[in-house]
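In what follows, a structure is listed as structure tokens, so that the remarks can point back to it.
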Amino acid sequence: MSFTQTLKAVSVAGAMALLMSSAASAVTLNMMNGSEPGSLDPHKASGDWENRIIGDYIEGLMAEDANADAIPGQAESYTVSEDGLVYTFKLREGIQWSDGEPVTAEDFVFAFQRLFNPATASEYAYLQFPIKNGSELAEGSITDFNELGVKAIDDKTLEITLEGPTPYFLQALTHYTAYPVPKHLVDKVGDSWTAPENIVGNGPYKITEWVPGSYVKAVKSETYYDAANVQIDEVNYFVQDDLAAALARYRAGEYDILTDIPSDQAEWIKTNLEGQDYFAPFLGVYYYVINQEKAPFDNVEVRKALSMAINRDVIGPDVLGTGELPAYGWVPEGTANYEGVAPYQPEWIGLSYEERVAQAKAIMEGLGYTASTPLAVQLKYNTNDNHQRVAVAISSMWEQIGVKTELFNSETAVHYDALRAGDFQVGRAGWLLDYSDPSNTLELLTTGIMQEGQMNWGNNYGRYSNPEFDALIKSAAAEADLTARAKMLGDAEKIAMDEVGAIPIYWYIAQNVVAPSITGFVNNAKDIHRTRWLTKAE
Amino acid sequence: MFGFALRRVLSALPVALIAVTACFFILRLAPGGPFDGERALPPQTLANLRAHYNLDQPLVSQYLIYIGRLLQGDFGPSMVYNDFTVSQMLWIGLPFTLMLGFTAFVIGTIVGLLAGAISAVNQNKLPDYLLVALVMIGLVVPNFLIGSVLQLVFGVYLGWLPAGGWQNGSLAHLVLPVAVLVLPHAGRTARLMRGSMIEVLGTNYVRTARSKGLGTRLILARHAIKPALLPVVSYLGPGLSYLLTGSLVVEQIFALPGIGKYFISAALNRDYGLVLGTTILYMFIILAVNLVVDVLYAWLDPKVRLR
């Protein structure tokens, strides 16, 4: 394209935009959404910035309310069998795709089959593995999709059969991996159904424009069953990676919602944008993994000393400045299906920090590591200001107990490649829960599985392994009684944490900033805020 | 002149092939791959993804597949962005990058030449000092700082201009990003122009012209400007390439949909297709700009044509 053509194109676009903006005074929500979406296909997405858009334009059987709890979405009602294995959903009358086609049970069956199809290569398919034969289909050990536990009884009735009783299943259905896809469209255009010229959805909004690197635009869908209660007419999800610039644009009134902030501005925001800071804990843990296949980290006492010497109380408020709460256990407080289990506390929780350091120092000295003959530890983290601050702080804390830390940072792809290969001593990691259930974090510490002559450790980078722990996780998965299940999982957490299978450091907090003109934004444990619940005063 | 240009084009082709090849293999030497994210993928999924993008084949056949596609003008798929091909992403972003770069180039060059010439004519007088000071500021203050300051002053405190974005495609959105790009370019141009102008004004032929009684304006127009431009023109090529390929920071700060940011983010994501696509596109831009400059130079200086 030549320069003059470009100039013409841009001036025409500008003129059109001016005309359009003066034509109607629609209520528009401008949201700073973070990175560029990798895909708007629910089977190919993997980030929360994609979830914010996808959850606005497609709706699953279950949807999230303002608190992010599961409520009926496309399903009007459901019944669960006695044994908790069979869920029968009744779809709402009159639900439609935004092109006018009806949403049928067949769309859901098709979507689940596509999700588990190895050819789709869906990264997050495992979230729906509670569904009967889901994992077998994804791994290719079963190839007949009729064996999947998702059946359309008729156009309006869907039956889902599970592998075992799964108390969080309704919640798992709110995840985008369980969303329907428009069969009539995918049959026609295949994987390019989410291209801007093809895309249709069944949610409160429909996508009308996507300029890569700039924004995705959605407008209210009039075919949505609850359209009468949706106030905001248009949503712009802006791509914005530079957080300092994002804050400036928020202050200039160009954004109504910031979904992330520059950490060093947290204090400033709390003081100067009073009432607009929505900083709240949500389900996620920031932790260090220790390579338990390497000496001396295979020694529980060493891991314990390293954990004890970390002064978690100063990390959230002082090192990061955003007020993250210290983490000692593995399951975030407020996780569902964990009633009756007290938050895990190590036996040394009652000691003051000085006493903990003294004890940790004694442990290390007993093993021959002192200030003059320190244990050399390499701490790996992915390049990021916050990770660096935490690593620097922790390395100085460890220095007191005879540990000399070498910091090693690399970009994300290299870092996780090293963690998976077991090529590290101590490494940074983090986990945001996919759904509110203790099994979601605890399964990170289960022993790897032998596959094709190779151990697959999954996300258990430290390669923690304890048969007793594995057995508890396994029997909990088959337990229908919630109280008994919670107890098993609680016992498992205690075993893994007593042995310091990994070192939890803090619980993540969501860092939203919301303009005073927006109402209906509720802090919640999943940090999910669907636009349909928000209203904006003009 | 035509033969000269043709020879230049032909000699650029092997350069392009070598660059693409080097880029392809260097990228694969880097540890980590496009699917090494925060979460481990099930082995079957990983295998499927690798097969989908031909990553399971030997490196040489991957290279041949890539070159084959490239010859048909296809940059292949992005491994991170599923809903667009690399070609689509680049075609959407390129006009913005070109417009931003060219606008800054035109404004920056004019401003720089004028400032340099005025400085030279008024050497060591007040206008010269003022201009040199301004030029230095443009040269030494990094663009992410200037960008953030302009954003705060004009976007937040004064509220005169949008602090970023491209929503309306309006001229107002262009002002701040272009200003950030203009400053260093105008600064460098002005410095070169001032230096070479001072040199030309001291040459014998200018002194001769003056002794013949020609006025300053006539001397400048007839005898001084063209030779003084030579060093500036040789800088304009790299200067334009830099503006077209170096808008990365500006695009990030002002959240513009250009291709500059893919250059870095794709490399970090190991999005092989997008890295190669961006690099090749940039390479062609640079080759093209250099070609134009060479031809322009030949026109300005007959000595170059004869060589």
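The values are calculated or read from the model by the stated rules, or taken from the named source; none is laboratory data. Keep in mind it's a predicted model, so treat the numbers as computed, not measured. Reconstructed Cβ throughout: ideal geometry from the backbone, glycine too, with neighbour counts over all protein chains shown. Side chains are part of the model used for accessible areas, which takes the heavy atoms of the whole protein and leaves out ligands, DNA and RNA. Shrake-Rupley method; radii C 1.70, N 1.55, O 1.52, S 1.80 Å.
Quick notes on this one:
- Some residue of the stretch B:29-51 being more than 10 Å from every other protein chain (Cβ to nearest Cβ) and either open to solvent by less than 40 Å² (accessible area, probe 1.4 Å) or under 24 Å from the mean Cα position of the chain (by Cα) (or both): no
Here is a yes/no grid of residues against (1) part of a helix (DSSP H, G or I); (2) among the polar types (S, T, N, Q); (3) in contact (Cβ under 8 Å) with a residue 12 or more places away in the chain; (4) touching a Ser or Thr at 6+ places or on another chain (Cβ under 7 Å):
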{"site": "A:Glu354", "(1), (2), (3), (4)": "yes, no, no, no"}
{"site": "A:Val357", "(1), (2), (3), (4)": "yes, no, yes, no"}
{"site": "A:Ala362", "(1), (2), (3), (4)": "yes, no, no, no"}
{"site": "A:Glu365", "(1), (2), (3), (4)": "yes, no, yes, no"}
{"site": "A:Thr370", "(1), (2), (3), (4)": "no, yes, yes, no"}
{"site": "A:Tyr381", "(1), (2), (3), (4)": "no, no, yes, no"}
{"site": "A:Asn386", "(1), (2), (3), (4)": "yes, yes, yes, yes"}
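- Members of the stretch A:234-281 found to be open to solvent by 50 Å² or more (accessible area, probe 1.4 Å) and either more than 19 Å from A:Gly321 (Cα to Cα) or facing chain B (nearest Cβ under 10 Å) (or both), listed by number: A:Asp241, A:Ala244, A:Arg251, A:Gly253
- Restricting the stretch A:379-409 to residues that are of a type in the set (Gly, Ala, Ser) and within 19 Å of A:Pro504 (Cα to Cα) leaves a set whose member that is least open to solvent (accessible area, probe 1.4 Å) is A:Ala391.
- Flag: A:Ala266 does not match the condition of being aliphatic (A, V, I, L, M) and either at pLDDT 90 or above or not in a helix (DSSP H, G or I) (or both).
- Any hit, the stretch A:428-437, residues being among the charged types (D, E, K, R), in contact with a Ser or Thr (Cβ under 9 Å, 6 or more places away or on another chain) and surrounded by 21 or more Cβ atoms within 10 Å (Cβ to Cβ): yes
- Residue ranges of strands (runs of 3 or more DSSP E) in the stretch A:404-521 with at least 1 members within 23 Å of the chain's Cα centre (by Cα) and among the hydroxyl-bearing types (Ser, Thr, Tyr): A:503-514
- Residue within the stretch A:210-233 that is surrounded by fewer than 21 Cβ atoms within 10 Å (Cβ to Cβ), acidic (Asp, Glu) and within 14 Å of chain B (Cβ to nearest Cβ) present: no
- Among the residues listed as A:Ala376, A:Ala295, the single one being in a loop (DSSP other than H, G, I, E, B) and exposed (fewer than 15 other Cβ atoms within 10 Å of the Cβ): A:Ala295
- Residue in the stretch B:207-226 that is under 18 Å from the mean Cα position of the chain (by Cα), within 20 Å of B:Pro302 (Cβ to Cβ) and open to solvent by 10 Å² or more (accessible area, probe 1.4 Å) present: no
- Boolean, B:Leu90 is within 10 Å of chain A (Cβ to nearest Cβ), of a type in the set (A, V, I, L, M) and over 27 Å from A:Asn409 (Cα atoms): yes
- So A:Ala121, is it among the hydrophobic types (A, V, I, L, M, F, W, C), within 12 Å of chain B (Cβ to nearest Cβ), within 24 Å of B:Pro77 (Cβ to Cβ) and under 27 Å from the mean Cα position of the chain (by Cα): yes
- For the stretch B:91-119, filtering for residues that are buried (at least 24 other Cβ atoms within 10 Å of the Cβ), touching a His at 6+ places or on another chain (Cβ under 9 Å) and of a type in the set (A, V, I, L, M) leaves 1.
- Close contacts from the stretch A:395-420, counting a first residue that is on the phi > 0 side of the Ramachandran plot and a second that is part of a helix (DSSP H, G or I), with Cβ to Cβ under 7 Å and a gap of 6+ residues or different chains, come to A:Gly402/A:Lys361; A:Gly402/A:Met364; A:Gly402/A:Glu365.
- Restricting attention to the stretch A:436-487, the residues that are more than 18 Å from A:Val500 (Cβ to Cβ), in contact with a Leu (Cβ under 7 Å, 6 or more places away or on another chain) and within 13 Å of chain B (Cβ to nearest Cβ) add up to 1.
- When B:Ala228, B:Ala209, B:Ala224, B:Ala255 are screened for being of a type in the set (Gly, Ala, Ser), within 14 Å of chain A (Cβ to nearest Cβ) and more than 30 Å from B:Tyr66 (Cβ to Cβ), only B:Ala255 passes.
- Count of residues meeting criterion [buried (at least 21 other Cβ atoms within 10 Å of the Cβ) and charged (D, E, K, R)] in the stretch A:60-80: 1
- Scanning the stretch A:176-186 turns up no residue that is assigned to a loop (DSSP other than H, G, I, E, B) and surrounded by fewer than 22 Cβ atoms within 10 Å (Cβ to Cβ).
- Subset of the stretch B:117-146 (residues that are farther than 20 Å from B:Thr189 by Cβ and part of a helix (DSSP H, G or I)): B:Leu126, B:Phe144, B:Leu145
- Residue pairs meeting the criteria (Cβ under 6 Å; at least 6 apart or on separate chains; first without any contact (Cβ under 8 Å) to a residue 60 or more places away in the chain, in the stretch B:210-239; second open to solvent by 50 Å² or more (accessible area, probe 1.4 Å) and in a helix (DSSP H, G or I)): B:Pro231/B:Leu192; B:Tyr235/B:Leu192; B:Gly237/B:Asn290
- Lone qualifier among A:Gly448, A:Gly462, A:Gly501 - being free of Cβ contacts under 8 Å to residues at least 24 places away in the same chain and either among the aliphatic types (A, V, I, L, M) or open to solvent by less than 60 Å² (accessible area, probe 1.4 Å) (or both): A:Gly448
- The stretch B:54-86, subset open to solvent by less than 40 Å² (accessible area, probe 1.4 Å), touching a Gly at 6+ places or on another chain (Cβ under 7 Å) and not β-branched (Val, Ile, Thr), residue nearest to the other protein chains (Cβ to nearest Cβ): B:Tyr81
- Entry remark, the stretch A:174-219: residues being among the acidic types (Asp, Glu) and more than 30 Å from B:Pro95 (Cα to Cα) number 1 in total.
- Taking the criterion of being touching a residue at least 12 places away in the same chain (Cβ under 8 Å), open to solvent by 20 Å² or more (accessible area, probe 1.4 Å) and part of a helix (DSSP H, G or I), the residues of the stretch B:147-166 that qualify are B:Ser148, B:Leu150, B:Phe154.
- Taken together, A:Asp491, A:Asp481 contain a single residue that is modelled with pLDDT of 95 or more and open to solvent by 40 Å² or more (accessible area, probe 1.4 Å), which is A:Asp491.
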